[in-house]
Amino acid sequence: NGQSYTGSILISVSTQAVPEIYSVTTKGTSVSFPATAISSAVSGATGASLSSIQLLDLPATTSGVVYYGSSVANTTSQYAYANLSQLRFVPNSNFTGSVSIPYVALNSSGTAMAMGQFSIGVVSSVKKFRDVATTTWCYKYVTELSSANIISGYSNGSFQEKNTITYGAALKLIMLAAGYDEQKPVNSNVFSGYLARAQADGLVSGSVNLNAPP
């Protein structure tokens with residue numbers, strides 16, 4: 001439409017994907033970029049040392065703001081590894097949810113080596129399960145879903161992520177995540193209320209065994 005643009009395209013190739021770096025913070029509490037973790041992830045994927053990063057996208061202002069020191073961060077500056085911890089995400093006081101901040105890793109010559117992602121879960125509170133550590137593959141999902149009261153784990157304080165989920169439990173998770181309220185049982189099965197509501201709303205049809213795997 002008669003408009004012109006000037007810019008640069010960053011192209012990077014790495015032998016393997018850069019692992020996502022994930023952090024959790026509570027509502028309204030800022031979280032700094034974990035420089036050491038980001039550097040380790042990049043060097044593991046590229047075999048090269050991280051010199052700086054350039055942010056590729058910034059979160060929506062409805063979720064919060066990324067700062068570098070006292071200034072708002074941008075997608076054009078190259079932020080040196082030595083000062084990476086000055087980058088921080090400050091969530092809005094009423095925001096909970098997930099935020100992903102993609103970045104490109106640069107070497108000492110300013111050449112793009114790989115693309116990575118720093119993800120942040122902003123939660124009301126962090127519920128701990130005795131069998132879920134920060135290194136557990138599902139830590140990110142368990143932390144955010146438990147904060148949203150979609151999952152609660154077992155009464156002994158465990159989550160037991162290797163257990164096979166039943167149709168009834170899966171239906172409950174899906175309906176709570178979709179915004180439904182807790183449904184009281186209509187018979188001896190603890191998930192029967194969810195099935196009754198799903199059938200009434202046309203979400204499920206036919207015969208269902210709530211105790212079978214989905």
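The values are calculated or read from the model by the stated rules, or taken from the named source; none is laboratory data. These numbers were taken from a predicted model, which means no experiment stands behind them. Every residue, glycine as well, gets a Cβ built from its backbone with ideal geometry; the counts of neighbours run over all protein chains shown. Keep in mind that these areas ignore ligands, DNA and RNA; they rest on the heavy atoms of the full protein, side chains included. Shrake-Rupley method; radii C 1.70, N 1.55, O 1.52, S 1.80 Å.
Being open to solvent by 40 Å² or more (accessible area, probe 1.4 Å) and either in contact (Cβ under 8 Å) with a residue 40 or more places away in the chain or of a type in the set (Lys, Arg) (or both), is that true of even one residue in the stretch 178-190? Yes, the conditions are met somewhere in the stretch 178-190.
Quick grid of which residues meet (1) surrounded by 14 or more Cβ atoms within 10 Å (Cβ to Cβ); (2) within 22 Å of Thr143 (Cα to Cα); (3) in contact with a helix residue (DSSP H, G or I) (Cβ under 6 Å, 6 or more places away or on another chain):
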{"residue": "Leu56", "(1), (2), (3)": "yes, no, no"}
{"residue": "Thr62", "(1), (2), (3)": "no, yes, no"}
{"residue": "Gln78", "(1), (2), (3)": "no, no, no"}
{"residue": "Asn83", "(1), (2), (3)": "no, no, no"}
{"residue": "Asn94", "(1), (2), (3)": "no, yes, no"}
{"residue": "Ser109", "(1), (2), (3)": "no, no, no"}
{"residue": "Val123", "(1), (2), (3)": "yes, yes, yes"}
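For residues that are hydroxyl-bearing (Ser, Thr, Tyr) and closer than 18 Å to Ala37 by Cα, scanning just the stretch 125-141, find the one that is most open to solvent (accessible area, probe 1.4 Å).
Ranking the qualifying residues of the stretch 125-141, first place goes to Thr135.
Per the listing Gly44, Gly69, the residue uniquely in contact with a helix residue (DSSP H, G or I) (Cβ under 9 Å, 6 or more places away or on another chain), over 24 Å from Ser8 (Cα atoms) and either in contact (Cβ under 8 Å) with a residue 24 or more places away in the chain or open to solvent by 10 Å² or more (accessible area, probe 1.4 Å) (or both) is Gly69.
List the number of the failed condition for Thr164; all other conditions in (1) modelled with pLDDT under 90; (2) hydroxyl-bearing (Ser, Thr, Tyr); (3) surrounded by 13 or more Cβ atoms within 10 Å (Cβ to Cβ); (4) under 26 Å from Gln199 (Cα atoms) hold. (3) is the only condition that Thr164 fails. Report yes if some residue within the stretch 193-206 is under 30 Å from Ala133 (Cα atoms), assigned to a helix (DSSP H, G or I), free of Cβ contacts under 8 Å to residues at least 60 places away in the same chain and open to solvent by less than 60 Å² (accessible area, probe 1.4 Å); otherwise report no. No: the stretch 193-206 contains no residue that is under 30 Å from Ala133 (Cα atoms), assigned to a helix (DSSP H, G or I), free of Cβ contacts under 8 Å to residues at least 60 places away in the same chain and open to solvent by less than 60 Å² (accessible area, probe 1.4 Å).
Of all the residues in the stretch 25-47, those that are in a loop (DSSP other than H, G, I, E, B) and within 15 Å of Ala80 (Cα to Cα) number 2.
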